[in-house]
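Colleague: Below you'll find the structure I mean.
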């Protein structure tokens, strides 16, 4: 973790210099080093791995429903992720009216944000969800097309899928980069053929998830089939994310355990 530089006591410039003799000519001790760009990158990549749900693999937690639920933000996190889209889909299916269908998920996002704010809890997830819902609602409102509510999701899946795919193809699988910093070994995993192979496979698998979503949902979008588009978006969200996350935990833990056993036997 990055240290808080503001917690260090600052020297008092008005205090007399008490150094005498040889001490007077001594070079003052250097202050603790400030965080560098490299350490900031390491912290950022480790944080990205935690947000993606890889912490249990690094912490050695047993694979369990509780660990999986916690990695996905707990029950509240799941509700905040699923409910707005579900409410939009149900409202539009029964009313065929765009305005109330857009207002309903925005109001739910506001309730989630206000609830966390009132309880003085972390609001980042609720705020991010609210911004995403608002962007989706504005796009659909501007075009008058209900299916445009799902446009930001296509952009997100497209960017994630493309970046992960390219990173694996050029030999720098991003899952490996993030997990390496999370495990505290930075880029040392690249010199281990077993780890590198596992990280490449995982990166291809995650890229495949995002690309598969586009392959299934884009035809429904262009066909204007809002009901099936919304349903497949829900079904290809957490129900696909959760088992892939568990598989990732198992593969990461297995390859690191095998490496540790091999090193201890040498």
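The values are calculated or read from the model by the stated rules, or taken from the named source; none is laboratory data. These figures come from a predicted structure and were not determined experimentally. Positions of Cβ are generated from backbone atoms using ideal geometry, with glycine treated the same way; all protein chains shown enter the neighbour counts.
Colleague: Give the number of residues within region 64-77 that are surrounded by fewer than 15 Cβ atoms within 10 Å (Cβ to Cβ) and at negative phi.
Modeller: Keep residues of region 64-77 that are surrounded by fewer than 15 Cβ atoms within 10 Å (Cβ to Cβ), which gives 64-66, 69, 74-76.
Next cut, at negative phi only: 64-66, 69, 75-76.
Qualifying residue count, region 64-77: 6.
Colleague: Sticking with this one: Looking at 119, 51, 96, which is the one that is at pLDDT 85 or above and more than 20 Å from residue 233 (Cα to Cα)? Spell out the reasoning first.
Modeller: Numbers: 51 fails: at pLDDT 85 or above; 96 fails: more than 20 Å from residue 233 (Cα to Cα).
Just a single option satisfies the conditions, and that option is 119.
Colleague: If you don't mind, there's one more thing I want to ask. Could you please find all residues in region 218-258 being under 14 Å from residue 153 (Cβ atoms) and under 22 Å from the mean Cα position of the chain (by Cα)?
Modeller: The initial filter retains those residues of region 218-258 that are under 14 Å from residue 153 (Cβ atoms), namely 218, 220-221, 226, 229-238, 240-241.
Passing the criteria: 232, 233, 234, 235, 236, 237, 238, 240, 241.
Colleague: Something else about it: Out of 244, 187, 182, 209, I need the residue that is touching a helix residue (DSSP H, G or I) at 6+ places or on another chain (Cβ under 7 Å) and modelled with pLDDT of 95 or more. Which one?
Modeller: Working: 244 fails: modelled with pLDDT of 95 or more; 187 fails: modelled with pLDDT of 95 or more; 182 fails: modelled with pLDDT of 95 or more.
Of 244, 187, 182, 209, the one residue that is touching a helix residue (DSSP H, G or I) at 6+ places or on another chain (Cβ under 7 Å) and modelled with pLDDT of 95 or more is 209.
Colleague: Sticking with this one: Give me the residue from region 123-143 that is at pLDDT below 95 and out of contact with any helix residue (DSSP H, G or I) (no Cβ under 7 Å at 6 or more places or on another chain) and, out of that set, nearest to residue 227 (Cα to Cα).
Modeller: Ranking the candidates gives 131 first.
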